[in-house]
C-alpha cells in the first residue's frame, strides 16, 4: 500500500514537471526578434515588405478617427500619448525600445487592438510586415 502511494506521488510529480517544461517551452517559442516577426509576416503575405508603404500606412488615417501616428507620433522614436486616455506610450521603434516586438503573442495582441482602432479590422500580414519594415529603419 505504501508503495502504491509513492508511485502515485511520483507520477503526479512527473506529470507536473512535464507540464512545467511544456509551459516553459511555449514561453520560449513566443520570444522573437522584430526582424523574425517581420519575416514571418512577409512569408504569410507572400510578398516582400515595403518600407515606404509601412511609413505611409503608419501616418495615414484609414477612414477612422485615428492613424497609428495619432498616439505613437509621426516618427515613433520618442514616447507617445494615447489619444483618448492620455496615457504615456513608450517609444515604438525597436532601436529605441529594445522590448518592442520581442514577443509574438504581445505583438499579435498589439496589432489586433491597434489595427481595430485605426482600420476597424485586423491588419493583414502584408500591412504588419510593411509597418515593421519601416519601424526597423528608425534610429534613435
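Descriptive notes on the structure:
- Note on segment 97-124: residues that are over 8 Å from the mean Cα position of the chain (by Cα), without any contact (Cβ under 8 Å) to a residue 40 or more places away in the chain and under 20 Å from residue 59 (Cα atoms) total 8.
- Given (1) within 16 Å of residue 135 (Cβ to Cβ); (2) assigned to a loop (DSSP other than H, G, I, E, B), index of the condition residue 42 fails: (2)
- For segment 94-101, the condition holds for no residue, the condition being that it is in the same structural domain as residue 45 (by TED's automatic domain parsing), within 17 Å of residue 37 (Cβ to Cβ), touching a strand residue (DSSP E or B) at 6+ places or on another chain (Cβ under 9 Å) and not in a helix (DSSP H, G or I).
The values are calculated or read from the model by the stated rules, or taken from the named source; none is laboratory data. As the structure is a computational prediction, the values presented were derived from the model and not from experiment. Ideal geometry is used to build each Cβ from the backbone, glycine not excepted, and the neighbour counts take in all protein chains shown.
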